[in-house]
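First up is the structure itself, then whatever we jot down about it.
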Amino acid sequence: MSKHTITLTVNGNEFTREVESRTLLVHFVREDLDLTGTHIGCDTTSCGACTLLVNGRAIKSCTMFAVQANGAAVETIEGVAQNGDLHPLQEGFWEKHGLQCGYCTPGMIMSAKQLLEQNPNPTEEEIRWGISGNLCRCTGYNKIVEAIQYAAAKAREGQTEAGGEEASS
Amino acid sequence: MSHLDDRFEHHTPKPEGASAKVDLVDEVQIKTPPEICGMGHRMKRKEDPRFIQGKGNYVDDVKLPGMLYMDIVRSPYAHARIVSIDDSEALATEGVVAVIKGQDLEAAGGLHWMPTLMSDTQMVLPIDKVVYYAQEVCAVVATDRYIAADAIEKIFVEYEPLEPVVDPHEAMKDKVIVREDKEQKTNHIWHWEAGDKEATDRVFSEAAHVVEQTMHIPRLHVSSIETCGMVANYNKATEHMQIYMTSQAPHAHRTVFALVSGLPEHKIQIISPDIGGGFGGKVPVYPGYVCCAVASLVTGKPVKWIEDRSENLQADSFARDYHITAEMAADADGMITGLRVKTLSDCGAADAAANPSKFPAGLYSICTGSYDMQAAHIEVDGVYTTKPPGGVAYRCSFRVTEAVHMIERVTDIMAAELGQDPAELRRKNFIREFPYKSPTGWEYDSGNYEAALDKAMETIGYAELRREQAEKRARGELMGIGISSFTEVVGAGPSRDYDILGIKMFDSAEIRIHPTGKAIARFGTKSQGQGHETTYAQIIAEELGLPAADVQVEEGDTDTAPYGLGTYASRSTPTAGAAGAMAARKIKAKAKKIAAYLLEVGEDDLEWNVDRFQVKGSPEQAKTIQDIAFAAYTNHPPGMEAGLEATDYYDPPNLTFPFGTYICVVDIDKGTGEVKVRRFVAIDDCGHIINPMVVEGQVHGGLTMGLAPALFEEIVYDENGQNLSGTFADYLLPTAVESPKWETGHTITPSPHHPLGAKGIGESPTVGAPPAIVNAVVDALSHLGVKHIEIPITPEKVWKLLREAGVTD
Ligand code: FES
Ligand code: FES
């Protein structure tokens, strides 16, 4: 199996690694870089659990070879929070109960991130179509839609909306 | 604490003992302030920060030094003799460490067969023949997952194909015998009955109206987005087997592993880490798990096995596959008098259902549902076919979905026969007195079915919808309204009746309060997304006044958590949740003694107030739970043991019976036959609510898993027994686009026997939703003579009906 040396940035850090031609990007990210937040849920590009951003575009990383990401800027769920602050989407998923088992969540957040970058003010229907490549078996999607609406509102207005309560001692 | 007074106004006294008469309250009860966050608060989930940042720890995330990878060779035939297996080329490949075959398992102590949870047996790896498509044939262990996958292609298995038997009715004829290993050469596995046959036959002979319907509840797959997998790590020096496993029941699995493998149970540690959805699919022990553990035993190295999606859909346990014939009898006044049901249960190649041992057809006999009737008789026969074994829940309490689908469908068929509105027929026949003894022997704990029906009808605007439907029908448009007033039965269960492989179905909690007033609580269950880390903490906050944020909840590690039977069948709140409350009450009893000592008063002079014991009549004299915790380690009363902790193994006195009414409105496209769910109102009653936000989430998710089989999902086999639904491109999970905006609400009828008055919610919507949708579609087409449609209701099926009726061409 022939090997290639690739250089790419992942969440702003540059990596140079040797990979086999056939190594999938999702395996490279999870196993070579130990970024296990990107998940695998199928083998037919159907579930979206493996979604990450390559040069800003949401990509199903189970259907892309690592060598194809040579020279690219990759963003995974681990890079979404900045300086310890949650991204509005992460906040939205937490506030609005947009996750249960959490397995689809990183892929959902990455798809939603692309959606909001392209369309900061989506309608409910646009949100539903925007995440239609991501399957969730737990939530029934309503609260994911609300989570994305929360993030869109927050990003637009820079203001906080009340959601769930947080207990503190 | 005066600011809390107004909160107590909403407090309904907890029902006690056998008194089952409880008033209806719709308002969620809150007794603690937000900083404590006991029951009723919409507390944000404690588990979420790790998940939203990609820091969950699922089985495939586990990486151990020197870890090997396992992959599996699977059968391309549904039924075939194995002539030979040639693994020489695979073994000669660099990086391939071992190939494990049936003979190897046999030599290792008869591990080529394993017991199922239903006291049947199932092959781990075959020696003579395979009995289903995609059956595990042998396993390859390699240094890399790609090498293992390559090696699969280098193993040459010669098969001699045998005739498959795919249809269970055919299987009953015993022309092809699936299990030649059995002494009895028949595919018939068991016959099971409930109710009174004679009384039922009598009711039917006297009935003014009888309706009959056959229906098939097709094979489904739970399809959690995470598939199943394991990392087994056997240390030859310490003889310790550490296993990371996608397990909904890690303690029971440890016992099963010990019994099957002969390894001593204290040398086996099962860790069920974060689980990416279970829905029943992670209850059984699959052959892959056994092979993976054996691979680690043999190599002395950690071995990882993660199924891919096709393997998961093709070989893991299915759900449903019930072929039902149901008859309902009613008198001249439209009062339902009896139910007679015969059912064929297609078990596949082994009875590997995940039911309590004494219940081969699960809790199917709950099928008289929400209606009071004189008599019922239910018969179920289990049969082998050359399909994967199983019979798991798909987010349901042991076959209750099949039961509810059947009763809610025939009730609508009876309404059509009587020319009555389906809502009114239901109302007229509802059970009204609780506790209620059903004709098949259940004792329903509490209910208020009419309240849920009324609320659902009012929320959706039922009368207005019926007017709209009449207008639309006059214009030739197709619109339907469907109702389902279901009764669930969850929380298995009382030890007198419920066990799995002899282990009683209690569950457990252990709470330890640290000197600074923080706590760790461990449970015998295992969350797969249900939010136990939050809701269990809220239960403890409710009982002890410790802020829920200060309670660390842990589950899933058999070395540390108390023994329990796990999470499925909506049993966590009814059993482990109750254990948590009972353990907290034990702690509270000790805390009272410590408070009395510290305040120098008698215990009788003290009263509990949210988070403290105070002296009656002088509340300023008080000791908070934190004060008491500190004293338990620093200044405990002479003669008393130090520390503040308790364990409870809770054996529920009865099951709980959540219920609700769902109403669905559909519009049908005449040209394509496509069904669109326009509105769906779900009114649920699960007793007292621990976290309304989590309950809503459970209901939304459950409804979507009810929509799925009604309109989309089915595992299909061709006549050769080949699975035609082996990918997500063929087995269609609803996306955000197909899922409607669910409208939810609740009534609250506490369980009289549960310490918190709670009942469990995760599965009601999966159980209740499908018949509401089917009833709506049939209602939309009833004027065309349509009485019943089998699920999934695909556009093609509807389009054919429309064409037959001359509505479309
Ligand atoms: S794992 Fe990539 S789409 Fe499913
Ligand atoms: S939260 Fe479990 S799959 Fe989406």
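The values are calculated or read from the model by the stated rules, or taken from the named source; none is laboratory data. Model, not experiment: these values are computed from the prediction. Quick reminder, even Gly has a Cβ in these numbers, built from the backbone with ideal geometry, and neighbours come from all protein chains shown.
Based on what the data block shows, is B:T143 of a type in the set (S, T, N, Q), surrounded by fewer than 19 Cβ atoms within 10 Å (Cβ to Cβ) and within 14 Å of chain A (Cβ to nearest Cβ)? Spelling it out, B:T143 is indeed of a type in the set (S, T, N, Q), surrounded by fewer than 19 Cβ atoms within 10 Å (Cβ to Cβ) and within 14 Å of chain A (Cβ to nearest Cβ).
Checked against the criterion of being among the hydroxyl-bearing types (S, T, Y), crowded, with 24+ Cβ neighbours inside 10 Å and more than 16 Å from the chain's Cα centre (by Cα), the stretch B:352-365 contains one or more residues that satisfy it. B:G334 falls short of the stated requirement of being within 16 Å of ligand 1 (Cβ to nearest atom), modelled with pLDDT of 95 or more and out of contact with any strand residue (DSSP E or B) (no Cβ under 6 Å at 6 or more places or on another chain).
Conditions (1) within 12 Å of the chain's Cα centre (by Cα); (2) within 8 Å of chain B (Cβ to nearest Cβ), marked per residue:
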{"position": "A:E95", "(1), (2)": "no, yes"}
{"position": "A:Q114", "(1), (2)": "yes, no"}
{"position": "A:P120", "(1), (2)": "no, no"}
{"position": "A:N142", "(1), (2)": "no, yes"}
{"position": "A:Q149", "(1), (2)": "no, no"}
{"position": "A:A155", "(1), (2)": "no, no"}
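Consider B:I715 carefully, then state whether it is crowded, with 21+ Cβ neighbours inside 10 Å, within 19 Å of B:E311 (Cβ to Cβ) and hydrophobic (A, V, I, L, M, F, W, C). So B:I715 fits the description; yes. Residue count for the stretch A:101-150 under the criterion of being part of a loop (DSSP other than H, G, I, E, B), of a type outside the set (A, V, I, L, M) and within 14 Å of B:T704 (Cα to Cα): the result is 6. Among the candidates B:I225, B:I270, B:I217, the residue that is within 20 Å of B:G524 (Cβ to Cβ) and within 25 Å of the chain's Cα centre (by Cα) is uniquely B:I270. Selection of the stretch A:112-154 for residues being within 16 Å of ligand 1 (Cβ to nearest atom) and more than 28 Å from B:R395 (Cα to Cα) yields only A:Q114. Consider the stretch B:208-227 and keep the residues that are within 14 Å of another protein chain (Cβ to nearest Cβ) and of a type outside the set (S, T, N, Q). The one that is surrounded by the most Cβ atoms within 10 Å (Cβ to Cβ) is B:E226.
Name the residues in the stretch B:228-252 that are buried (at least 18 other Cβ atoms within 10 Å of the Cβ) and of a type in the set (A, V, I, L, M), would you? Of everything in the stretch B:228-252, those that are buried (at least 18 other Cβ atoms within 10 Å of the Cβ) and of a type in the set (A, V, I, L, M) turn out to be B:M230, B:V231, B:A232, B:M241, B:I243, B:M245, B:A249, B:A252.
For (1) more than 16 Å from ligand 2 (Cβ to nearest atom); (2) touching a helix residue (DSSP H, G or I) at 6+ places or on another chain (Cβ under 6 Å), each residue gets a yes or a no:
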residue	(1), (2)
B:G671	yes, no
B:C686	yes, no
B:I690	yes, yes
B:E696	no, no
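Within the stretch B:591-636, being over 20 Å from B:P547 (Cα atoms), of a type in the set (G, A, S) and crowded, with 16+ Cβ neighbours inside 10 Å holds for one residue alone: B:A596.
Could you pull out the residue among B:I500, B:I520 that is modelled with pLDDT under 95 and not assigned by TED's automatic domain parsing to the domain that holds B:I683? When all the criteria are applied, what remains is B:I500.
If only residues of the stretch A:43-54 that are on the phi < 0 side of the Ramachandran plot, in contact (Cβ under 8 Å) with a residue 40 or more places away in the chain and not polar (S, T, N, Q) are counted, the one that is farthest from ligand 1 (Cβ to nearest atom) is A:L53. Of the strands (runs of 3 or more DSSP E) entirely within the stretch B:265-351, those holding at least 2 residues that are touching a Cys at 6+ places or on another chain (Cβ under 8 Å) and crowded, with 24+ Cβ neighbours inside 10 Å occupy B:302-306, B:336-348. If you go through the stretch A:50-71 and pick out every residue that is part of a strand (DSSP E or B) and touching a Ser or Thr at 6+ places or on another chain (Cβ under 6 Å), you end up with 4. Residue check: is B:V666 touching a helix residue (DSSP H, G or I) at 6+ places or on another chain (Cβ under 9 Å), aliphatic (A, V, I, L, M) and more than 21 Å from B:V222 (Cβ to Cβ)? In short, yes.
Let's see how each residue does on (1) polar (S, T, N, Q); (2) modelled with pLDDT of 95 or more:
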position	(1), (2)
B:M118	no, no
B:T121	yes, yes
B:I127	no, yes
B:V130	no, yes
B:P161	no, yes
B:D174	no, yes
B:I177	no, yes
B:T186	yes, yes
B:F204	no, yes
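Of all the listed residues (A:R30, A:R22), the sole one being within 12 Å of ligand 1 (Cβ to nearest atom) and basic (K, R) is A:R30. Can A:D43 be described as more than 16 Å from the chain's Cα centre (by Cα), within 12 Å of chain B (Cβ to nearest Cβ) and farther than 18 Å from B:K63 by Cβ? Judged against the criteria, A:D43 is a match. Within the stretch A:70-93, the residues that satisfy the criterion of being more than 7 Å from chain B (Cβ to nearest Cβ), buried (at least 24 other Cβ atoms within 10 Å of the Cβ) and among the aliphatic types (A, V, I, L, M) are A:V74, A:L89.
Regarding the stretch B:386-404, can at least one residue be identified that is within 23 Å of B:H209 (Cβ to Cβ) and not acidic (D, E)? Working first, answer last.
Step one: list which residues in the stretch B:386-404 are within 23 Å of B:H209 (Cβ to Cβ), which gives B:403-404.
Now restrict to residues that are not acidic (D, E): B:403-404.
Within the stretch B:386-404 (the criterion being within 23 Å of B:H209 (Cβ to Cβ) and not acidic (D, E)), the answer is yes, since at least one residue qualifies.
For the stretch A:92-118, the set of residues classified as away from ligand 2 (no atom under 13 Å from the Cβ) and touching an Asp or Glu at 6+ places or on another chain (Cβ under 9 Å) consists of A:G92, A:E95, A:M110, A:K113, A:L115, listed by residue number. When you scan the stretch B:245-263, do you find a residue that is closer than 26 Å to B:I217 by Cα, more than 16 Å from ligand 2 (Cβ to nearest atom) and touching a helix residue (DSSP H, G or I) at 6+ places or on another chain (Cβ under 8 Å), even just one? Checked against the condition, which is being closer than 26 Å to B:I217 by Cα, more than 16 Å from ligand 2 (Cβ to nearest atom) and touching a helix residue (DSSP H, G or I) at 6+ places or on another chain (Cβ under 8 Å), the stretch B:245-263 yields no hits at all. In the condition set (1) in contact with a Leu (Cβ under 7 Å, 6 or more places away or on another chain); (2) small (G, A, S); (3) under 23 Å from A:K143 (Cα atoms), B:G673 is compliant with all but (3).
Listed here are the residues, each with its yes/no results for (1) in contact with a Cys (Cβ under 6 Å, 6 or more places away or on another chain); (2) away from ligand 1 (no atom under 11 Å from the Cβ); (3) within 25 Å of A:R17 (Cβ to Cβ).
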site	(1), (2), (3)
A:H39	no, no, yes
A:G56	no, yes, yes
A:D85	no, yes, no
A:E95	no, yes, no
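For B:L111, the conditions (1) crowded, with 21+ Cβ neighbours inside 10 Å; (2) not in a loop (DSSP other than H, G, I, E, B) all hold with the exception of (2).
Here is a yes/no grid of residues against (1) touching a strand residue (DSSP E or B) at 6+ places or on another chain (Cβ under 8 Å); (2) part of a loop (DSSP other than H, G, I, E, B); (3) crowded, with 24+ Cβ neighbours inside 10 Å:
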site	(1), (2), (3)
B:R467	no, no, no
B:F486	yes, no, yes
B:A492	no, yes, yes
B:E510	yes, no, no
B:T525	yes, yes, yes
B:A537	yes, no, yes
B:I540	yes, no, yes
B:Y563	yes, yes, no
B:T575	yes, no, yes
